[in-house]
Amino acid sequence: MTGAKPAPAQFLARADLQRLLEALRARGYRVMGPVPRDGAVVFDEVRSVDELPRGLREAQEPGRYRLEPNGRDTVFDVVNGPGSLKPYVFAPREKLLQVEPEGRSFRAQELHPDAPKLAVIGVRACDLAALSVQDRIFLEGRYPDSYYAARRRQLFLVAVNCTRSASTCFCVSMATGPEATQGFDLALTEQEWGFLVRAGSALGREVQQALPLTPAPEAALARERTSLETCAATMQRKLETADLPEVLYRNLEHPRWHDVGSRCLSCGNCTMVCPTCFCHDEKDEPLLGEPDEAGVRSVRVREWDSCFNREHAQVYGLNYRPKIEDRYRQWLVHKLASWIDQFGTSGCVGCGRCITWCPVGIDLTEEMRALREPGA
């Protein structure tokens, strides 16, 4: 588990990045990293640095994402794609219980999750912040989630500091980036000739010791600080957070909800790509593939859901969010207001994915600015 204070930086030559992948696999980890596929970058298994998005960067705008050459020999210049750490700890679909008849009663057997050792390389600071939010939801309180916990324990995180931002990023507003300061095992900052490497945990230091590192030159450290400060200063989007959640609670009847509801497709893309959304549904399904003449053997399944699905608000024949504007209001108010009441932190980390992957380009930061204007 991460959490130790980061160690001083050391330097890893670009030609030795493969050694990091090999060191992780030697310790039993399946290594996942950003891989270009179908016009985007997604997390998938990586065995060679040649599979990383070498020489690419992404251009993100509301409702638009594309990869393009950057003219440089970089591997981590793509800020992020639609994927995050969420599926590695909160599975999109998993079996929880198997229920079988036992005499005149029944027996429920817990099904333990498959939790292999995973090392994820290329994790951004906003996603580390999102994982911290998920930890609070699933691990704290009276009833920690054992399925989440089993996967979380097996996760080794290699962060990459952002030296450029996408046009949809606003992590500076949420105080979550662009620099990874905690929650990682190793952190990298990519530069022209190689990488600055810092360990953030005992496991990270163990892997670090297996790498051919040299002391970080002062010039490299100075370039790193300049690039991080420039990334933060040039971020194009901002979100005012000083008066959240009050501004949302004051504007629950603002006409802007109707306006955004007329544009929103209620597709749920924003919740699927969001690294913190945790809505889910549980259902009992017949246990298929095994003889069961009475049809009473079943399995309980948990799968991702979305508050944008109309059925999410359906109870006892009544739907209490029948309109799209109702569902958008629920999502935004929970994300930026009642989430703070529940968990002591915002449910937004400023990654901008909900803006990029919205088919009609709805911009959370723009909607908040409009809500601050007096109602019509």
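The residue that is nearest to Gly28 (Cα to Cα), counting only those in segment 226-249 that are charged (D, E, K, R) and surrounded by 12 or more Cβ atoms within 10 Å (Cβ to Cβ), is Glu229. Given the criteria touching a residue at least 40 places away in the same chain (Cβ under 8 Å) and charged (D, E, K, R), does Asp281 qualify? Spelling it out, it is not the case that Asp281 is touching a residue at least 40 places away in the same chain (Cβ under 8 Å) and charged (D, E, K, R). With respect to (1) more than 27 Å from Gln60 (Cβ to Cβ); (2) surrounded by 21 or more Cβ atoms within 10 Å (Cβ to Cβ); (3) over 18 Å from the mean Cα position of the chain (by Cα), the lone exception for Phe195 is condition (1). All of Glu61, Glu45, Glu51 fail the test of being in the same structural domain as Leu188 (by TED's automatic domain parsing), under 19 Å from the mean Cα position of the chain (by Cα), surrounded by 14 or more Cβ atoms within 10 Å (Cβ to Cβ) and of a type in the set (D, E, K, R), apart from Glu61.
Give me a count of the residues in segment 34-53 that are of a type in the set (Gly, Ala, Ser), part of a loop (DSSP other than H, G, I, E, B) and within 18 Å of Tyr65 (Cβ to Cβ). Break it down stepwise before answering.
So the first thing to find is which residues in segment 34-53 are of a type in the set (Gly, Ala, Ser), and the list is 39-40, 48.
Still in the running and part of a loop (DSSP other than H, G, I, E, B): 39, 48.
Still in the list and also within 18 Å of Tyr65 (Cβ to Cβ): 39.
Counting residues in segment 34-53 that are of a type in the set (Gly, Ala, Ser), part of a loop (DSSP other than H, G, I, E, B) and within 18 Å of Tyr65 (Cβ to Cβ) gives 1.
Here Arg57 meets the list (1) part of a strand (DSSP E or B); (2) touching a residue at least 24 places away in the same chain (Cβ under 8 Å); (3) more than 16 Å from Glu190 (Cα to Cα) almost entirely, failing just condition (3).
Please determine, by comparing only the residues of segment 250-267 that are among the aliphatic types (A, V, I, L, M) and surrounded by fewer than 16 Cβ atoms within 10 Å (Cβ to Cβ), which one is nearest to Val333 (Cα to Cα).
Going residue by residue through segment 250-267, those that are among the aliphatic types (A, V, I, L, M) are 252, 260, 265.
Subset that is surrounded by fewer than 16 Cβ atoms within 10 Å (Cβ to Cβ): 252, 265.
Numbers: Leu252: 9, Leu265: 18 Å.
Looking at the filtered set, the residue picked out is Leu252.
Here is a yes/no grid of residues against (1) at pLDDT 95 or above; (2) over 30 Å from Leu17 (Cβ atoms); (3) of a type in the set (A, V, I, L, M); (4) out of contact with any strand residue (DSSP E or B) (no Cβ under 7 Å at 6 or more places or on another chain):
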site	(1), (2), (3), (4)
Gln209	yes, no, no, yes
Glu224	yes, no, no, no
Asn251	yes, yes, no, yes
Leu265	yes, yes, yes, yes
Thr271	yes, yes, no, yes
Pro286	no, yes, no, no
Val296	no, yes, yes, no
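In segment 341-370, what residues are in contact with a Leu (Cβ under 7 Å, 6 or more places away or on another chain) and farther than 17 Å from Cys126 by Cα? Passing the criteria: Pro359, Val360, Glu367, Met368. Residue by residue through segment 221-272, note down the ones that are in a helix (DSSP H, G or I) and closer than 22 Å to Pro82 by Cβ. Matches in segment 221-272: Cys231, Val260, Arg263, Asn269, Cys270, Thr271, Met272.
Taking the listed residues Arg329, Arg302, the one that is crowded, with 19+ Cβ neighbours inside 10 Å, touching a helix residue (DSSP H, G or I) at 6+ places or on another chain (Cβ under 7 Å) and outside any loop (DSSP other than H, G, I, E, B) is Arg329, with no other qualifying.
Among strands (runs of 3 or more DSSP E) entirely within segment 70-168, having at least 3 residues that are under 20 Å from the mean Cα position of the chain (by Cα) and crowded, with 20+ Cβ neighbours inside 10 Å singles out 118-123, 155-160.
The values are calculated or read from the model by the stated rules, or taken from the named source; none is laboratory data. Only a predicted model underlies this, so the values are computations on that prediction, with no experimental measurement involved. So basically every Cβ, Gly included, is an ideal-geometry build from the backbone, and we count neighbours across all protein chains shown.
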